[in-house]
Protein chains: 6
Amino acid sequence: MIDALADIAPDFATYLFEFPFGDIYSRPGLSLRDREIATIAALAAMGTAQPQLKVHIEAGLNVGLSREEITEILMQMAVYAGFPAALNGLFAAREVFAARPVAEPPE
Amino acid sequence: MIDALADIAPDFATYLFEFPFGDIYSRPGLSLRDREIATIAALAAMGTAQPQLKVHIEAGLNVGLSREEITEILMQMAVYAGFPAALNGLFAAREVFAARPVAEPPE
Amino acid sequence: MIDALADIAPDFATYLFEFPFGDIYSRPGLSLRDREIATIAALAAMGTAQPQLKVHIEAGLNVGLSREEITEILMQMAVYAGFPAALNGLFAAREVFAARPVAEPPE
Amino acid sequence: MIDALADIAPDFATYLFEFPFGDIYSRPGLSLRDREIATIAALAAMGTAQPQLKVHIEAGLNVGLSREEITEILMQMAVYAGFPAALNGLFAAREVFAARPVAEPPE
Amino acid sequence: MIDALADIAPDFATYLFEFPFGDIYSRPGLSLRDREIATIAALAAMGTAQPQLKVHIEAGLNVGLSREEITEILMQMAVYAGFPAALNGLFAAREVFAARPVAEPPE
Amino acid sequence: MIDALADIAPDFATYLFEFPFGDIYSRPGLSLRDREIATIAALAAMGTAQPQLKVHIEAGLNVGLSREEITEILMQMAVYAGFPAALNGLFAAREVFAARPVAEPPE
């Protein structure tokens, strides 16, 4: 995704690392695991960022969220953003889970 | 808020307890603390549910999130939903924090 | 609301009558009652147009929707846009209903 | 769609029947036809639930809405959610209508 | 896109020309170039109208916006609507730019 | 607004200057006037950032947009985000215009 930016907006790729990752995710006040819970919830609730939601479901698994926890976060979005938002989030998770070798211990 | 529903949509008050609380929040796969991270993030990102965001900032404090952690969640929303969403979330938090005696240990 | 436009954007007041009312609402393919169901649902689901939602709850009553039917439409929005959207819609209806003499037959 | 949930979030499939269908759609205060008007309008206005919009255009036809009435609902969304929302809704309807044998009486 | 409307909602194709183009874009108070800046920004920020965003990136080039200016508008949306909205806008621009012969002078 | 952040999220006030203003608005590829057109359009279309919309209507006047041009941008949002978004934007502009001495040359 970042590579695709190189020819059109190379500086944006820089900002994308500097502000979210350099400034926000590196702050000590919240764990990376908790940050991914927040991001997965927000992107699923907004419903306008399906590619980025998949990236963060992947990232969530990488920082220690289980598949079950991610599924629970997405289901919960039905309450706040409606069933379609939850469903579309669950379908995104299903794709990410299917593409990924089950290196995680079984739940 | 629930009382206000009693005269117009009493059944809705029931659903409000049954589905979110009876069905979703009581599920064992995700802690209440993590559920409130997800809800605070989602409501701040959506930007259309300021009263409910305040309720959940309050709820987050009640299930163990610190003021600092809630502030971090809201700041992080700038990355995914823009600075206005983060700012309006921080202003909601500021109101909730100000109205609440600092029973929480200082951060 | 229209008067408030007169000094800043008088032409917009004209468009507001011409396109929605002249072009859309006057079309024979859907009754006014059904059009107000659609509008109330849409505005409540979007959650960004509280003043206009109130105008259309009023309009819905004027074209024959009962208070109960409007309440049902708003409750249903919990399924598609989340509980906060439904709740904020119900609070808008509560205000409109309270301000209005019960000229409608009791439900 | 429901089948796809079975392996990732089987309980969610249950909730999907219990709350929207068991609790909301079965309520006597609004006809199924009127409920589908509300849902089609809301999903088109939100613009984040294209798959679910198609499901409900189909459902609308099944509970007695004509193709013309559905087209009117979607056109009307231009007023409240903008022309792109209306257009994307009309394109969804066009796909559903094309895939469906014209069992409905011609309009 | 307009052709696709002809068989389902021919009147809507008419409205689509009359209101946006006949009424709004033809008004003297804002240049066509400035109008396309506004539309590109709005559609990218909303995140629910990717096909229409591409149409207006194309239109923006046609009324004199440079590729660089369009890229700047889209990057700026990260501030107001979040990085995913900006990214998805940039990807839309990348597609439009790639499909178009570089008739514009190189930037 | 920034002062209000000082006691709850002082670092966020810093980010608010660094990323939007230090990184984005200072880039040479788009004029400040054009940047404000984009921001006013985006915030009005989103409909979730009324306080920030007012700040940028003010900023737009400061970098050379006329009241008429701002009014045109907001009216145009009816096409892309619906009449309520345009109306709520026009009401925001009306407040800003009224509070501001007419230092601008008359239009």
Helix A:50-62 against the longest principal axis of chain A: what's the angle in degrees, Cα atoms only, rounded to the nearest 10?
80
Which value, in Å to one decimal place, does the Kirkwood hydrodynamic radius take for the protein assembly as shown when every pair of different Cα atoms is included?
25.1
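Less than 13 Å Cβ to Cβ from A:ALA86, Lys/Arg counted +1 and Asp/Glu -1: what total charge do the surrounding residues give? It would help to have the intermediate numbers written out before the result.
Numbers: positive: A:ARG94; negative: A:GLU72, B:ASP23, D:ASP11.
Net local charge, A:ALA86 excluded: -2.
Say R0 is 30 Å: what FRET efficiency, to the nearest 0.05, do C:VAL63 and B:PHE91 get from their beta-carbon distance? Mind dumping the intermediate values first?
Details: r = 39 Å, r/R0 = 1.29.
Efficiency for this residue pair is about 0.20.
Find out how many positive minus negative residues lie around F:LEU43, taking Lys and Arg as positive, Asp and Glu as negative, among other residues whose Cβ is under 13 Å from that of F:LEU43.
On the way: positive: F:ARG35, F:LYS54; negative: F:GLU36, F:GLU58.
That works out to 0.
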Helix F:83-99 versus the longest principal axis of chain F: what is the Cα-based angle in degrees, 0 to 90, to the nearest 10?
80
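Give me the inter-chain shielding for E:84-93: mean count of other chain Cβ atoms within 10 Å, whole number please.
Working: counts 15, 9, 6, 11, 5, 1, 6, 5, 0, 2.
That average works out to 6.
Could you do me a favour and compute the accessible area per residue for the protein assembly as shown, 1.4 Å probe, result in Å²? Don't jump to the answer; show the numbers that get you there.
On the way: 23180 Å² over 642 residues.
Per-residue value: 36 Å².
Where does chain A land on Rg(C-alpha)/(2.2 N^0.38 Å)? If you can, show how the numbers build up before the last one.
Numbers: Rg = 14.6 Å, N = 107, 2.2 N^0.38 = 13.0 Å.
So chain A has a normalised radius of gyration of 1.12.
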Toward the positive end of the charge dipole of region B:1-90, about the Cα centre and with charges on Cβ (Lys, Arg +1; Asp, Glu -1), which of B:PRO28, B:GLN76, B:VAL63 goes farthest?
B:GLN76
Setting aside same-chain residues fewer than 8 positions from C:LYS54, which lysines have a Cα under 26 Å from its Cα?
B:LYS54, F:LYS54
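Can you give the mean number of other chain Cβ atoms that lie within 10 Å of the Cβ atoms in peptide B:64-71? List each step's numbers first, then the result.
On the way: counts 0, 2, 2, 2, 6, 5, 3, 7.
Mean inter-chain Cβ contacts per residue within 10 Å come to 3.
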Please report, for B:ALA99, the nm distances (one decimal) from its label point, 7 Å out from Cα along the beta-carbon direction, to the equivalent points in the remaining copies, shortest first.
2.3, 2.3, 4.4, 4.7, 5.0
Quickly estimate the mean residue ellipticity at 222 nm for chain B, helices only: each DSSP H run with n ≥ 4 gives -39500 (n - 2.57), and the total goes over all residues, rounded to 500.
-21000 deg cm²/dmol
Please report the net charge: other residues with Cβ closer than 11 Å to the Cβ of A:ALA13, K and R +1, D and E -1.
-4
Step through the residues of region B:17-22 one at a time and calculate ³J(HN,Hα) from phi using the Karplus curve (6.51 cos²θ - 1.76 cosθ + 1.60, θ = phi - 60°), rounding each to whole Hz and writing x for Gly and Pro.
8, 5, 6, x, 8, x
Please sort E:25-36, F:68-79 by packing, taking for each peptide the average over its residues of neighbouring beta carbons within 10 angstrom, highest first.
F:68-79, E:25-36
Residues from region C:28-55 losing no less than 40 square angstrom of accessible surface in the full protein assembly compared with the chain alone, 1.4 angstrom probe, ligands and nucleic acids excluded, are C:GLY29, C:LEU30, C:ASP34, C:ILE37, C:ALA38, C:ALA42, C:MET46, C:THR48, C:GLN52
Tell me, for the rotation carrying A onto D, which chain A residue has the beta-carbon closest to the axis and what that distance is in whole Å.
A:THR48, 3
Exam field: C:PHE21 pseudo-label spacings to other copies (7 Å along Cα-Cβ), nanometres
2.8, 4.3, 4.5, 4.5, 5.6
For the pair D and E, total buried accessible area rounded to nearest 100 Å², probe 1.4 Å
1400
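I need the peptides C:84-91, F:8-15, F:54-61 ranked by packing, meaning the mean over residues of other C-beta atoms within 10 angstrom, with the highest value on top. Present the calculation step by step, with values, prior to reporting the outcome.
On the way: C:84-91: 24.8, F:8-15: 17.6, F:54-61: 20.6.
Descending packing order for the listed peptides: C:84-91, F:54-61, F:8-15.
On average, how many beta carbons from a partner chain sit within 10 Å of the beta carbon of a residue in E:11-24? Spell out each step's value before the answer.
Numbers: counts 7, 11, 2, 1, 7, 5, 0, 3, 10, 8, 1, 0, 10, 10.
What the average comes to for E:11-24 is 5.
Got a number for carbon plus sulfur as a percent of chain B's accessible area, 1.4 Å probe? Don't jump to the answer; show the numbers that get you there.
Numbers: 2290 of 3850 Å².
Accessible surface attributable to carbon and sulfur in chain B totals 60 percent.
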Crossing angle, helix B:67-81 versus chain B [Cα axis fit, 0-90 degrees, rounded to tens]:
90
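What value in Å³ per residue do you get for the convex hull of the alpha-carbon atoms in region C:24-84? Don't skip to the end; give the middle numbers.
Values: hull volume 5.1 nm³, N = 61.
Here the figure is 84 Å³ per residue.
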Any idea what the relative contact order of region F:22-107 is, in percent, if you count C-alpha pairs under 8 Å spaced at least 6 apart?
29
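The values are calculated or read from the model by the stated rules, or taken from the named source; none is laboratory data. A quick note: this is a predicted structure, and the numbers were derived from the prediction, not measured. So basically every Cβ, Gly included, is an ideal-geometry build from the backbone, and we count neighbours across all protein chains shown. With ligands, DNA and RNA removed, areas are computed over all heavy atoms of the protein, side chains included. Shrake-Rupley method; radii C 1.70, N 1.55, O 1.52, S 1.80 Å.
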